[in-house]
Amino acid sequence: MDVLAYGSRMVRWSPLGKLLFTFSLLILALLSDNIFVPIMTFCVGICLMAYSTKFKLPSIIGLAILEAILIMVIGCGMVSVLGDPSEPSVFLKDTEEFLWIEIHITENSFNHAWLIMFRAIAGVTLMLSFASSTPIPHIAYALIQLRIPKEVVEIVVLVYRYAFLLLERTEVMWNAAKCRLGFNGIRRSMSTTAGILVNVFIISLEVAERSQPALESRNYNGSFPIYRMPNKIGLYWFVLTAATCVSLYVIGYYIPFPNMATILLGAV
């Protein structure tokens, strides 16, 4: 992520400004009941990602996005089919049961599912636009500006830096166990997984013991240096954030939101 962030065209933007803008739009999308607001927030996030990275994302991040979308689709699908039985169905004449789930799609449940879907997608795009354009030292710099305790910021940075070492070791052990048929059967899989978790804990202690002298030998004083400081937050960030939030609020308050059940299911 740091390699992606350092290559972003938004890397020199103020971290606090990006944080203010991102979280303001995210909160507004979560509070609004008009589906237009999360749709517009999603469009803003897509535009920021396109400007920041031109959608040149690593395959692992693309896979994570697809998994997140799959979880959203499944979750919103469950919200849609679990409508209030006292309300008329807009998809099936009567309530039908599939496995142990009673399928009853109502107008409110269908519209609410789409609202949740766009809220979730808007949140993902906004947070990705922030993460893909802000290196971890810039995030730490922004947290210090927000008067977050220095010890908390140091823990966050160190966890981010060294978590990838543990993930790499975990992947090596997982592949080694898989090659030795360590996941052949439920009982053996549970035993193998428990062994891997124990080894990861032991390795984490070993990494911490080796990393501390390495950091001290490099004159580590609790913070990673920033050789090219990002821009500081200015008044224009507050004006831009306020103008965008007011515009989206006006859209959500005065423009009637579309009835997704009518558009997609033909419900009246």
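Do any trypsin sites (Lys or Arg not before Pro) in region 138-233 lie in a loop, going by DSSP, with at most 12 other beta-carbon atoms within 10 Å of their beta carbon, and if so which? Write down the numbers at each step before the final one.
On the way: sites: Arg147, Lys150, Arg161, Arg169, Lys178, Arg180, Arg187, Arg188, Arg210, Arg218, Arg228, Lys232; in loops: Arg147, Arg180, Arg218, Arg228, Lys232.
Answer by residue number: Arg147, Arg180, Arg218, Arg228, Lys232.
At 1.4 Å probe size, put Glu154, Glu102 in order of accessible surface, largest to smallest. Working shown, then result.
On the way: Glu154 55, Glu102 110 Å².
The ranking, largest first, comes out as Glu102, Glu154.
Can you tell me the accessible area per residue over region 1-144, all protein chains present, probe 1.4 angstrom, in square angstrom?
Details: 7420 Å² over 144 residues.
With all protein chains present, region 1-144 gives 52 Å² per residue.
Summing +1 for each Lys or Arg and -1 for each Asp or Glu, what net charge is found among the other residues whose Cβ lies under 11 Å from the Cβ of Val11? Write down the numbers at each step before the final one.
Numbers: positive: Arg9, Arg12, Lys18, Arg228; negative: Asp2.
Around Val11, the surrounding residues sum to +3.
Give the relative contact order (percent, whole number) for region 1-109; include only Cα pairs under 8 Å separated by 6+ residues.
Working: 68 pairs, mean separation 20.9, N = 109.
Over region 1-109, the number comes to 19 percent.
Report, to the nearest whole %, how much of the accessible area of the chain belongs to carbon and sulfur atoms, 1.4 Å probe, protein only. Kindly include the intermediate steps, with their values, before the conclusion.
On the way: 11640 of 16950 Å².
Within the chain, the accessible surface is 69 percent carbon and sulfur.
Taking the Cβ of Pro258 as the centre, find all other residues whose Cβ is under 14 Å away and add up their charges (Lys, Arg: +1; Asp, Glu: -1). Provide the component values of the computation, followed by the final result.
Values: positive: none; negative: Asp33, Glu107.
Local net charge: -2.
Only loop residues by DSSP count here, and only those with at most 11 other Cβ atoms within 10 Å; note down the chymotrypsin sites (Phe, Trp or Tyr not before Pro) in region 99-186 that meet that.
Details: sites: Trp100, Phe110, Trp114, Phe118, Phe130, Tyr141, Tyr160, Tyr162, Phe164, Trp174, Phe183; in loops: Trp100, Phe183.
Those that pass, being in a loop and sparsely packed, are Trp100.
Tell me which lysines have Cα within less than 30 Å of Lys232's Cα, excluding those fewer than 8 residues away on the same chain?
Candidates past the 8-residue exclusion: Lys18, Lys54, Lys56, Lys150.
Averaging sequence separations of C-alpha pairs under 8 Å and six or more residues apart, then dividing by the length of the chain, give the relative contact order as a whole percent.
35 percent
Would you mind giving the three semi-axes, in whole Å and largest first, of the ellipsoid equivalent to region 149-228 according to its Cα gyration tensor?
Details: eigenvalues 234, 27, 25 Å².
Values for region 149-228, descending: 34, 12, 11 Å.
Would you mind computing the Rg to Rh ratio of the chain from its alpha-carbon coordinates, Kirkwood style for Rh? Intermediate results must be reported in sequence, preceding the final value.
Numbers: Rg = 23.6 Å, Rh = 22.3 Å.
Using Cα coordinates only, the ratio equals 1.06.
Label region 54-94 by shape, choosing from rounded, prolate and oblate, from the square roots a ≥ b ≥ c of the eigenvalues of the Cα gyration tensor; if a/c is under 1.5 it is rounded, and otherwise prolate applies when a/b is larger than b/c, oblate when it is not. Let's see the in-between values first.
On the way: a/c = 5.38, a/b = 4.07, b/c = 1.32.
Taking the square roots of the gyration eigenvalues as a ≥ b ≥ c, region 54-94 is prolate.
Kindly write out, for region 55-63 in residue order, the coupling ³J(HN,Hα) from the Karplus curve 6.51 cos²θ - 1.76 cosθ + 1.60 (θ = phi - 60°), rounded to whole Hz, with x marking Gly and Pro.
6, 8, 9, x, 4, 5, 6, x, 5
Can you work out ³J(HN,Hα) from phi for every residue in region 130-138, in order, using Karplus 6.51 cos²θ - 1.76 cosθ + 1.60 and θ = phi - 60°, giving whole Hz and x for Gly and Pro?
Per residue, the Karplus-derived 3J(HN,Hα) values read 6, 5, 7, 10, 10, x, 4, x, 5 Hz.
Is region 49-187 rounded, prolate or oblate when judged by the Cα gyration tensor, a ≥ b ≥ c being the square roots of its eigenvalues, rounded requiring a/c under 1.5 and prolate requiring a/b larger than b/c?
Numbers: a/c = 2.59, a/b = 1.48, b/c = 1.75.
Oblate, because a/c is 1.5 or more while a/b does not exceed b/c.
Kindly write out, for region 67-80 in residue order, the coupling ³J(HN,Hα) from the Karplus curve 6.51 cos²θ - 1.76 cosθ + 1.60 (θ = phi - 60°), rounded to whole Hz, with x marking Gly and Pro.
In residue order, the calculated couplings are 5, 5, 5, 4, 5, 4, 4, 5, x, 5, x, 5, 4, 5 Hz.
Cβ under 12 Å from Val200's Cβ, Val200 left aside: what net charge do those residues give with Lys, Arg +1 and Asp, Glu -1?
Numbers: positive: Arg169; negative: Glu168, Glu171, Glu206.
Residues near Val200 contribute -2 overall.
The values are calculated or read from the model by the stated rules, or taken from the named source; none is laboratory data. Given the structure is predicted, the values throughout are model-derived calculations rather than measurements. With ideal geometry, Cβ positions are generated from the backbone for all residues, glycine too; neighbour counts draw on all protein chains shown. The accessibility values were calculated without ligands, DNA or RNA, using every heavy atom of the protein model including side chains. Shrake-Rupley method; radii C 1.70, N 1.55, O 1.52, S 1.80 Å.
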